[in-house]
Structures are given as structure tokens and as C-alpha cells.
Amino acid sequence: MKKTSASLFLLLMLALSGLAQAGVVDKKAALGGFDGFVERMGAGTRELGRGNTGSADTASMPAAYWNPAILGFRHDFGYTLNAEKRDLDRMGGSLGLESPVGKRMGVGFAMLYRGDLDFDVIDEDDQTLGTATPYFTMLYLGFAYRATRRDAFGLSLSMSYDNMDVSDYYDDIELVDGYTSPVTINLSWLRQWNKNWSTSVVVRNLSFSHNLSARWSKNTSTDNSVISTEGVRPKVLQVGLGYRSQVMGKPVFAWMEAIDYQVADTLLVFDPQLHVWTGRVGFECEIIPDGTVRIGMDDLDAMLGLGYKFRVRIGKKKYLFDVNYALTYESGADLWNPLSFGVRGYIP
């Protein structure tokens, strides 16, 4: 790694570390469950193992979630399947399918899943009625166009469905378990400057409604006996940076992302009290042929990842796939999560 490049990257990491600690707890609470279920946990075991970074990497999957512009760089049909089990009876996973369309376009699908396996249902008298298994899903349909050899632009449409699974415990109230969000829009750009550097910009959670804000009403009961609630998804600006090099003959990669959540129902607001800033950083090194070790930080959560590539020849075609593992430490809750596994590959 050249000294100037290394120095520049070190300065960027220090700046990003400052952003990661600039978030305020009460502002983060305003992000609600969406921040925890989708934006923070992300999708893809490979990306999780290096700090949940993926927007500036043309190999990230599922691309429809990370950065739909990535689809413009696809040459073969790709797939990914990930699953994880976290402490506090939380589970999740993701599925991704993507394919090139012609020489300059790509299309992809992604589904994210998060759920609780054993959630106590408690009434107003603090009596436990039983357990529920609420879950949340997010669907993405992404499209991309590669405008030049190095630049691609992407768009994805997303919507969510969540199910609280509690209506069976309240016979006197006609509760509604499931809620579907309106369609939201995510816009993105990715540039591969050269063999070393890449950058990305992703704008998430725009809507067709007032101020382009993703807000909608949740009718909690069919007879209006329970007050309706409001669903909200913050506008997000995500800027990514990638660097590829070699150290002692080993491929080394570094990834960083700065993220701004705007927690205000306005088109654009410059009040710092209405923004949450955070950052992610990750590194990976191919320490043995086809074997990779990863480390990363997502805000103050630490990650460790392992991956290995396999090549299977069937007839005259060679099929490439890799198996990945991630270990996560959630510092805020002092929880270790050792069960995250994923497989991804390409079909020529």
C-alpha cells in the first residue's frame, strides 16, 4: 500500500470514527424498529462480518438492498441466502436473486426477514397471556443502468410487511396483526474509479407522499377501538468508500460508510438535532487462497467474519460460490451473537 494512500485512508477512518460516536441516544430512539431491523442489521453474512459495509463493493449481495447500482456490474445470475440467530430470541435472514439484462443493465430482488421467537404478551394488569412470534419482512426490487465502463446508476422499490401475532390473545378487541407499508424509493450511484478505489452514494426511503417522507397510518383494530399508530421511515443518505490493495502479496480490502438518518418529516432540514450520524468500517484479507478473514465496526458494535470460496465444475462450466460466517458483539447490550451463516454464488 502506498504511503500517501494509506495516510489518506487513515484520516478518513478517524473522521468516520468521530461520526460513529456523534449519535445521541434519544435521537436514535426516534428511528424506531426500522433502524434496528433493517438499517442496522443489514443483509448478507459476508458484509456483516466486515462491519455491515456493502454499498461501495460491486460484489455485495443482495445488491437490490445494498446499492441497486451494483446490478449494473453483474455478468452472471447471482444468488445469496443468509440466516442468523441472535440473543434475546431474535432471528433473521435474507434472500437475494439478481441477473444482468443485456450488456449495461441489471435487475435484482431481495427479501429481508427479522423476527422474535418467544415474545411475551402482557396485558394492562402486567399478566402474561402467552407468547407471540412477531416478524418483519422487507422486499426490494432493484434496477440498474451502467452509463459508462466505471459508472452505474440504480433505483429500487421497497415495501415492508410486519405482523405482531397478538390478536388471538384479545377476544374483546378486533386487533389487526399485519401492516403493509407504501412503496418507497431508493436511488443510488456507484463509480469504480480504478482498480483500487470505488465510491457510492445511496439515498433511501423516499416516498410519493408529502415532503417525500415515508409515513403511513397503521389501523390497529378493525372497529377503531384502539387508537391508530403511525409508521415512519427516516430519509437516509449513505456514502461509501472502498479501497483495494495488496500487503505482502495478499489481497487486502478496506470499506467505510458514513450514514445520515434524517428524523424529521421535511424534505430537507439542516438542524443537527434532527439528524443521526453514524459510521461503519470494515477490512478483509485473503490470508490463504480462497480463504478470507474480516473485521469491522458498525457504530460501536464489533464484527468478525470468515469466508471460503469453492469452485465446482459441471461439464464445461465452472460454478463459483462462497460460504461465510459472522460473529457480532452488540456493545450497547453486551451481547455476543455467534450464529450468522450465509452462502452466495453465481451461475454462468
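The values are calculated or read from the model by the stated rules, or taken from the named source; none is laboratory data. Everything numeric here is computed off the predicted structure, so don't read it as measured data. With ideal geometry, Cβ positions are generated from the backbone for all residues, glycine too; neighbour counts draw on all protein chains shown. Note: accessible area is taken over every heavy atom of the protein model, side chains too, but ligands, DNA and RNA are not part of it. Shrake-Rupley method; radii C 1.70, N 1.55, O 1.52, S 1.80 Å.
Work out the length of the dipole vector of segment 115-201 about its Cα centre, built from +1 on the beta-carbon of each Lys and Arg and -1 on the beta-carbon of each Asp and Glu, and round it to the nearest 20 debye.
2060
For V263, the residues whose modelled amide H falls within less than 5 Å of its own, excluding neighbours fewer than 5 places apart on the same chain, are H275, V276. When you filter the trypsin sites (Lys or Arg not before Pro) in segment 270-348 for DSSP loop state and at most 14 other Cβ atoms inside 10 Å of their Cβ, you are left with K316.
Annotation for segment 90-160: trypsin sites (Lys or Arg not before Pro) lying in DSSP loop with at most 11 further Cβ atoms inside 10 Å of their Cβ are K103, R149. If only the Cβ of Lys and Arg carry +1 and only the Cβ of Asp and Glu carry -1, the dipole of segment 245-322 around its Cα centre is close to 1040 debye.
Along segment 321-335 the Karplus relation, 6.51 cos²θ - 1.76 cosθ + 1.60 evaluated at θ = phi - 60°, assigns HN-Hα couplings of 8, 9, 10, 10, 9, 9, 10, 10, 10, 8, 5, x, 10, 6, 10 Hz to successive residues, with x for each Gly and Pro.
Within a Cβ distance under 10 Å of A214, other residues only, what is the Lys/Arg minus Asp/Glu net charge?
So the environment of A214 carries a net charge of +3.
Got a number for the accessible area of H210? Probe 1.4 Å, square angstrom, nearest 10. The value for H210 is about 140 Å². Below 12 angstrom from the Cβ of D265, what's the summed charge of the other residues (Lys, Arg +1; Asp, Glu -1)? After counting each charged neighbour, the total is +2. Across segment 243-255, coupling constants 3J(HN,Hα) worked out from phi with the 6.51/-1.76/1.60 Karplus curve, θ = phi - 60°, read 9, 10, 7, 9, 10, 6, x, 9, x, 10, 10, 10, 9 Hz, and Gly and Pro carry x.
Counted by Cβ distance under 11 Å from G44, the other residues give a net charge of 0, where Lys and Arg count +1 and Asp and Glu count -1.
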